[in-house]
Number of protein chains: 2
Amino acid sequence: MKNEEEKIGSFCLKEYLQEVEEFHGHIAPGLVVGGFMVEMAKRHIPKGVLFDAISETSQCLPDAIQILTPCTVGNSWLRVIDLGRFALALFDKYTGEGVRVFLDAAKLEPFPAIRSWFFRTRPKAAQDEEKLLDEIKAAGEEILGVERVRIRDELIGKQSKGKIALCPVCGEAYPASQGDMCSGCQGQAPYLSDS
Amino acid sequence: MKNEEEKIGSFCLKEYLQEVEEFHGHIAPGLVVGGFMVEMAKRHIPKGVLFDAISETSQCLPDAIQILTPCTVGNSWLRVIDLGRFALALFDKYTGEGVRVFLDAAKLEPFPAIRSWFFRTRPKAAQDEEKLLDEIKAAGEEILGVERVRIRDELIGKQSKGKIALCPVCGEAYPASQGDMCSGCQGQAPYLSDS
């Protein structure tokens with residue numbers, strides 16, 4: 001266990017935390033747990049398999065995956081399917097066979113600081129951040145669960161967006177499959193007055 | 001213009017392309033255009049304003065934003081709202097006032113390689129990647145459009161997931177607002193046989 005506590009992937013823990021600080025902005029507890037999760041998942045994938053990733057939450061975990069694997073949101077190898085569960089899957093990008101790692105709530109009894117962070121039973125300002133990080137490092141993979149999964153067929157491989165059309169309303173290019181105008185002009189745009 | 005062609009953010013173009021290769025896996029044309037887009041948007045935001053980001057596509061652009069700004073998917077400062085439009089917005093995280101930058105299809109006439117890449121009129125294998133990248137670098141911001149936007153109120157600020165519950169089916173923690181069981185167990189999980 002000691003060795004696992006000191007390494008996350010090819011980084012030593014200290015190096016990983018530096019990467020986290022640089023990419024994510026600060027050393028969030030979720031990124032530290034996430035580092036152990038990604039590493040555990042990678043060990044359960046046969047060597048040499050090209051894998052894609054799924055994060056079941058948009059919080060923290062996507063960044064652990066983006067730091068520790070070749071999968072990013074922009075290269076489409078990481079997909080965020082926000083179920084609000086603190087879990088991730090790595091899977092063979094051709095067969096969909098893979099592994100899912102999750103934070104196992106049933107294993108948190110010996111770790112009160114992790115427990116109150118995870119269940120948000122204490123306001124963030126009242127959290128003892130140092131104690132929490134110490135507990136996470138000490139726990140390592142002890143608080144995780146792992147299971148084999150197979151990804152649904154429609155999520156395997158590259159999803160092409162098909163033919164491109166010009167939207168008659170905004171004049172921008174969009175996937176023609178969205179209909180006669182782009183989904184932004186159909187009301188999905190996040191702006192108060194969309195062009 | 002020359003200066004803009006040679007720099008992307010605080011990186012010179014060459015350094016940025018190295019970052020792209022390391023993070024995204026390869027120098028994708030969308031990341032090069034995306035670099036110019038992020039940089040143009042940043043210049044239109046008043047100095048010192050703390051900004052969030054939206055990418056209107058999941059392809060390429062999120063990675064340009066994650067490389068060139070403090071906004072990442074995992075820290076929630078970047079949200080991907082996949083409208084399939086090659087556009088991004090940076091906005092003041094407190095007021096929602098910001099700027100949207102898009103690839104302007106109407107400006108592509110002088111750039112045939114960018115045009116056929118953007119509209120996918122030529123199979124990827126038949127693309128002259130070098131010519132395309134040269135055209136993108138030469139075009140710089142000339143192919144972009146920029147406009148002021150205001151983000152919808154519900155997208156401003158941190159969205160709390162509220163109370164956490166234990167799912168009676170899978171036993172994992174989830175936002176109680178999803179209902180009596182987690183959305184994964186309600187059928188949203190991406191696996192063939194979900195635990």
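The values are calculated or read from the model by the stated rules, or taken from the named source; none is laboratory data. Just so it is clear, the model here is predicted, and its values are computed rather than measured. Glycine gets a Cβ as well: all are built from the backbone with ideal geometry, and neighbour counts include every protein chain shown. The area values use the complete protein model at the heavy-atom level, side chains included, leaving out ligands, DNA and RNA. Shrake-Rupley method; radii C 1.70, N 1.55, O 1.52, S 1.80 Å.
Worth a mention:
- For B:L83, nonlocal amide neighbours, meaning residues 5 or more places apart or on other chains whose placed amide H falls under 5 Å from its own, are B:T57.
- Cβ-Cβ FRET estimate between B:I164 and B:V49, R0 fixed at 56 Å, reported to 0.05: 0.95
- Taking the convex hull of Cα positions in chain A, its mean projected area over all directions (nm²): 13.8
- Prolate/oblate/rounded label for region A:4-73 (Cα gyration tensor, a/c 1.5): oblate
- Set of region A:99-118 residues, backbone N closer than 19 Å to the point 7 Å along the Cα-Cβ line of B:Q188: A:101-103
- The Cα trace of region A:92-172 gives Rg and Dmax of 21.3, 60 Å, the first to one decimal, the second as a whole number.
- At an R0 of 25 angstrom, the distance between the Cβ atoms of A:M181 and B:S177 translates into a FRET efficiency of 0.20.
- Chain B, accessible surface, carbon-and-sulfur percent (1.4 angstrom probe): 53
- Chain B, rotation onto A, residue closest to that axis via Cβ, with its distance in Å: B:V73, 3
- Rounded to the nearest 0.05, the FRET efficiency derived from the C-beta distance between B:R122 and B:K42 at R0 = 30 Å is 0.40.
- Net lengthening on full extension, A:K131/A:D82 (0.36 nm per residue, minus Cα-Cα): 14.8 nm
- Checking every one of the chymotrypsin sites (Phe, Trp or Tyr not before Pro) in region B:94-177 against DSSP loop status and a limit of 15 other Cβ atoms within 10 Å picks out B:Y94, B:F119.
- Zero-based 20 Å bins, Cα pair distances in the protein assembly as shown, whole percents: 27, 57, 16, 0
- Pairs of lysines in chain A (C-alpha under 20 Å apart; 8 or more residues apart or interchain): 20
- Interchain or long-range residues, amide H under 5 Å from B:L144's placed H: B:D104
- Separation of region A:126-156 from region A:164-195 is 39 Å, based on Cα centroids.
- Listed values for region A:172-181 are Karplus-derived 3J(HN,Hα) couplings in whole Hz (6.51 cos²θ - 1.76 cosθ + 1.60, θ = phi - 60°), namely 9, 6, 7, x, 4, 4, 6, x, 6, 9, and x replaces Gly and Pro.
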